[in-house]
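*Asks:* My questions will all concern the structure given below.
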Amino acid sequence: MKSQVLICLLFCISVQAQVAPVFNRAPLRENPYTALPIGAIKPQGWLKEMLVRQKNGATGQLDKLYPLVMGPRNGWLGGDGDQWERGPYWIDGLLPLAYILQDTALIRKVKPWVEWSLKSQQPDGYFGPSKDYSPEPGVQRDNSHDWWPKIVMLKILQQYYMATGDQRVVKLMTNYFRYQLKELPAHPLDHWSFWARFRSGDNLKEVYWLYNITGDKFLLDLADLLHRQTFDFTNAFLHSPLLSQVGSIHGVNLAQGMKEPILYYQQHPEQKYWDATVKGYTDLRRYDDMVMGLYGGDEDLHGNNPTGGSELCTAVEMMYTLETTLPITGDVAYADRLERIAFNAMPTQITADFMDRQYFQQANQVMLTRQTRGFHINHSGTDVCYGLLTGYACCTSNMHQGWPKFTQNLWYAGADKGVAALVYAPSELKTTLNGKQISFTETTNYPFEEQITFTYTGATTAFPLSLRIPAWCKEAKIIVNGKTEQEPKGNQIVKVDRSWKKGDVVILQLPMHLNNQRWYENSISVERGPLAYALKIGEEKKLVRITAADSIDYGNSYYEIRPTTPWNYALYATPENELSAHYTVVKGAVAAYPWEPEKAPVTIKTKGRIIPSWQLYQEMAGPVPFSTIFQLELGQEQDIELIPYGCTHLRIAQFPVVNR
C-alpha cells in the first residue's frame, strides 16, 4: 500500500510540476520570445474540442489501432519490432497532448516510452535501440543506430522535462551529446541514412536548449559540428535553384530543415542566415505554394499546381518549424503562415473523429478515390483516400504533434519581462512573472470571428502584454477596460504595458476584409482574414474494405468521396474595391467542432460560371484553365457557395478567372 501511495505521489508531482521558461544564455543571441513550459497554456473552445477528439481518436488509441508498430514489440519499449521513427513520432504528439490536458490515462501510456529511453543509455552515452533484426513486413527494425529517430526522441524528452522538470533528461542529453561529439566525425549524420543530414536542425535545437540549462561549453562545439554536417540550406536558399526546381528535395526534409539557418543564427548572428530564411519562404511562395499555406511535395518538391499533393507530415513539420522560427525572429510573417496552415490545411487532412487522414491533400480536390495520380510517388493509388494507413504510415505516426504544439505556441514569454500572444485561439494562460502568478483567459471564436477578448485574473503586477497584428489586417483596434487605446496598422507586434489587476479586459479587434490572391496559371483564391474559402461541393462517401494482401501497408479500410454537384466553376475578375459588392459574407453560429462542411460558421455567396472543357483527369480536377483564356466557352451564371477551406473534403480553392 505504501509503495502504491508513493507511486501516486510521484505521478501527481510529475503531472503538476512547473518549469521556468528557458531563455538563451551568452554567447547565444537574446531572442525576443521563448516557449513557456507545457501546462502553462490550456486550450479552450473549439481548440479544446480538437484536442479531446485527438485523445479519443487515433492519438489516444494508436497502440490498439496500429499494434504491429505501436504495440509492446516496439524497439523503443525494448522489443524486437519497429525501432525507427514511427514510435517516437507518435509519442512526440501524445506526450504534449497528455500533459496539456493533464490526462492521467494518456500520461500512463506515455511513461513507458520515456522510462525505457532514459534507462537505455549505455556507458558511452548512446541511448535507444541498439540491436538490428532481419526484415519483417510492415516494420522498420534493421537500422537501430541511425541518428534520425533519436533526434525525434530528443524532442520528446525535452518536452517531458518542460512538463515535469525530471533531471534525468538533463543527464541523458548531456551524456548523449558528448557521445555525438565523439562519434559524428567518424559516423556523420548521413552515415546510416540521409534523413538526419536534412533534419538535424531539430538536433541542433535541443543542443542549444540544453546549453541554456547547463552552460556546458562543449555543446557549442557540437552545434558547430552539427551545422557543418547538415545539408547547407543557407547556401541552397541564397545561391541555388533548390526551390524553383521540381524534384530537388524531399518535401518533409524541406519542412524540417528550413529552421536550421535561423537556429544557427542564434550562435553565429551573421546576416546570411537571416537572409536565407527570408528568401527560402519568399521563393516557396513564388514557385511552390498553394492557397492553404503548404507547397507541392508528393513526396519530392513538385511546384504549385493545385492538383499536386502535399503530405500531412509536411503540414505538422512546417507548423513546428514556424513555431521554432517565430520566437527567434519576432516576425509577424511566421505567425501568419503558421495560422494559415493550422486553420486551412490541418483540419481538412484529418477526419473529425481523428481516426483517419489523407497522406496527400490537394488545393483543388474533387475526387477522393483509389487511383494512380500525377504525384511523384503513388502508394497503390491510396494517397488521397481517408484511412488510418493509406498512402504511407509515417503520417499515421507523425500527425499527432500538430495541434498540441500549436496550443503550446499560442503564448510566449518575452525578453521584455512580459508575455506575448502571437498566435490566436481560445485558450488560458497561467504562468509566473517577477515571482507573481499571472493569468489570462483568451475568449474568442477566431479565426471565424474578428474579436479576441483577454481577461486578466492574476495578481496585481506590471508587465507588457504583446499582441500580434496580422499582415492581412489593415487596421486593428485595442480596447482596454472599455477605452480605445491603440488603432495599429497590420504587420506588427504592439504592446499593452500597464499595471494589471484582476478583472482587466483587453479587447483586440481584427477586422477581416475580403481579398484575392493570384496563384498557378493566374488562378485566384478568395480569402478573409486567416481563412481561405473554397467551393462547397456535394459529397457521396463510401467505405471500402481492403484485401488481406494490402492490409499490412494500407490498413483494413478507407473512405472514398465523390462529388454530387458540379465543381468546374470560374469566378469573375473583380477589383478589390468591389469585392464586397459581389461576395456576400454570411456569419452563423460557431459549433463546438466547426471544421465540417455542414457546420461552416462563415460562408460566402457569389456567382460563378461553369467551364465545360474543364473536366476530370486521372480522377482529379484537370489542368486549371489559364486566367483568362480568350473566347473560352462558358456556361450560364450560377449562384455558388464558398466555405472555409478547413471545413471541406472536396473543393476548388484556386479558381480560374473570367471577365464579366
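*Asks:* Carbon-plus-sulfur fraction of the accessible area of the chain, 1.4 Å probe, in percent?
*Replies:* 50
*Asks:* For the range 163-173, in order, what is each residue's ³J(HN,Hα) by Karplus, 6.51 cos²θ - 1.76 cosθ + 1.60 with θ = phi - 60°, in whole Hz (x at glycine and Pro)?
*Replies:* Ordered by residue, 3J(HN,Hα) equals 8, 10, x, 5, 5, 4, 5, 4, 5, 4, 5 Hz.
*Asks:* Can I ask one more? Using θ = phi - 60° and the Karplus form 6.51 cos²θ - 1.76 cosθ + 1.60, what ³J(HN,Hα) does each residue of the range 383-391 get, whole Hz, x for Gly and Pro?
*Replies:* 5, 9, 6, 8, x, 6, 10, 4, x
*Asks:* Which of the peptides 274-287, 57-70 is most tightly packed, and how do the rest follow, going by the mean number of other Cβ atoms within 10 Å of each residue?
*Replies:* Result, highest mean first: 57-70, 274-287.
*Asks:* Which is farthest toward the positive dipole end of the chain among 360, 273, 244, measuring Cα position about the Cα centre, with Cβ charges +1 (Lys, Arg) and -1 (Asp, Glu)?
*Replies:* Among 360, 273, 244, the one farthest towards the positive end of the dipole of the chain is 273.
*Asks:* In terms of modelled amide H atoms, which long-range or inter-chain residues lie less than 5 Å from the amide H of residue 372?
*Replies:* Excluding prolines and chain starts, which carry no amide H, there are no hits.
*Asks:* Of 264, 378, 557, which is farthest towards the positive pole of the chain's charge dipole, taken about the Cα centre with +1 and -1 on the beta-carbons of Lys, Arg and Asp, Glu respectively?
*Replies:* The Cα lying farthest towards the positive end belongs to 264.
*Asks:* Note the per residue figure in Å³ for the convex hull of the C-alpha positions in the range 243-305.
*Replies:* Working: hull volume 4.8 nm³, N = 63.
Normalising the Cα hull of the range 243-305 by residue number yields 77 Å³.
*Asks:* Just to confirm my numbers, what's the Cα centroid distance between the range 546-571 and the range 490-531 in Å?
*Replies:* 36
*Asks:* Structure shown: which of 171/205; 48/605; 417/483; 48/405; 64/111 lie over 19 Å apart, alpha-carbon to alpha-carbon?
*Replies:* Where the Cα-Cα span goes over 19 Å, the pairs concerned are 48/605; 417/483.
*Asks:* Probe 1.4 Å, all protein chains in place: accessible area of residue 194 in Å², nearest 10?
*Replies:* The value for residue 194 is about 100 Å².
*Asks:* Please give, to one decimal in nm, the separation of the simple spin-label points placed at residue 272 and residue 591, each 7 Å out from Cα toward the Cβ.
*Replies:* Simple spin-label model gives 5.3 nm for this pair.
*Asks:* Using alpha-carbon positions, what is the distance between the centroids of the range 422-485 and the range 18-78, in Å?
*Replies:* One Cα centre to the other: 23 Å.
*Asks:* Separate question: Residue 187 to residue 20: FRET efficiency via 1/(1 + (r/R0)^6), r the Cβ-Cβ distance, R0 60 Å, to the nearest 0.05?
*Replies:* My answer for the efficiency is 0.95.
*Asks:* Filter the cross-link list 131/182; 155/272; 477/536; 502/599 down to pairs whose alpha-carbon distance in this structure exceeds 24 Å. Mind dumping the intermediate values first?
*Replies:* On the way: 131/182 21 Å; 155/272 27 Å; 477/536 33 Å; 502/599 36 Å.
From the list (131/182; 155/272; 477/536; 502/599), the Cα-Cα distance tops 24 Å for 155/272; 477/536; 502/599.
*Asks:* Give the Kirkwood hydrodynamic radius (Å, one decimal) of the range 253-375, defined as one over the mean of 1/r across all pairs of different Cα atoms.
*Replies:* Details: mean 1/r = 0.0662 Å⁻¹.
That comes to 15.1 Å for the range 253-375.
*Asks:* If you don't mind, another one. Just to check I understand the Karplus step: with θ = phi - 60° and J = 6.51 cos²θ - 1.76 cosθ + 1.60, what whole-Hz values come out for the range 117-134, glycine and proline as x?
*Replies:* So the Karplus estimates, Gly and Pro as x, are 4, 5, 7, 7, 5, 9, x, 7, x, 4, 9, x, x, 9, 10, 8, 10, 5 Hz.
*Asks:* At 0.36 nm per residue, minus the direct Cα-Cα distance, what do residue 228 and residue 616 gain on full extension? Give it in nm, one decimal, please.
*Replies:* The residue 228-residue 616 span can extend by a further 134.9 nm.
*Asks:* Another question, if that's okay. How large is the charge dipole for the chain, taken about the Cα centre, if only the Cβ atoms of Lys, Arg (+1) and Asp, Glu (-1) carry charge, to the nearest 20 debye? Intermediate results must be reported in sequence, preceding the final value.
*Replies:* Values: 64 positive and 67 negative charges, 343 e Å.
For this selection, approximately 1640 debye.
*Asks:* OK, next. Along the three principal axes, how long is the chain when you take its alpha carbons, biggest first, rounded to the nearest angstrom?
*Replies:* 75, 66, 57
*Asks:* Quick one: which residues, 5+ away or cross-chain, put their amide H under 5 Å from the amide H of residue 355? H built at 1.01 Å from N.
*Replies:* 58
*Asks:* Go ahead and estimate [θ] at 222 nm for the chain from helices alone: -39,500 (n - 2.57) per DSSP H run with n ≥ 4, summed, over the residue count, rounded to 500.
*Replies:* -10000 deg cm²/dmol
*Asks:* Give the accessible surface of the chain per residue, rounded to a whole number of Å², with probe radius 1.4 Å and ligands, DNA and RNA excluded. Let's see the in-between values first.
*Replies:* On the way: 23560 Å² over 660 residues.
Roughly 36 Å² per residue, with all protein chains present.
The values are calculated or read from the model by the stated rules, or taken from the named source; none is laboratory data. From a predicted model like this one, the values you see are computed outputs, not experimental measurements. Neighbour counts are summed over all protein chains in view; Cβ atoms, including those assigned to glycine, are modelled from backbone coordinates with ideal geometry. Please note that ligands, DNA and RNA were not included when accessible areas were found on the heavy atoms of the full protein model with its side chains. Shrake-Rupley method; radii C 1.70, N 1.55, O 1.52, S 1.80 Å.
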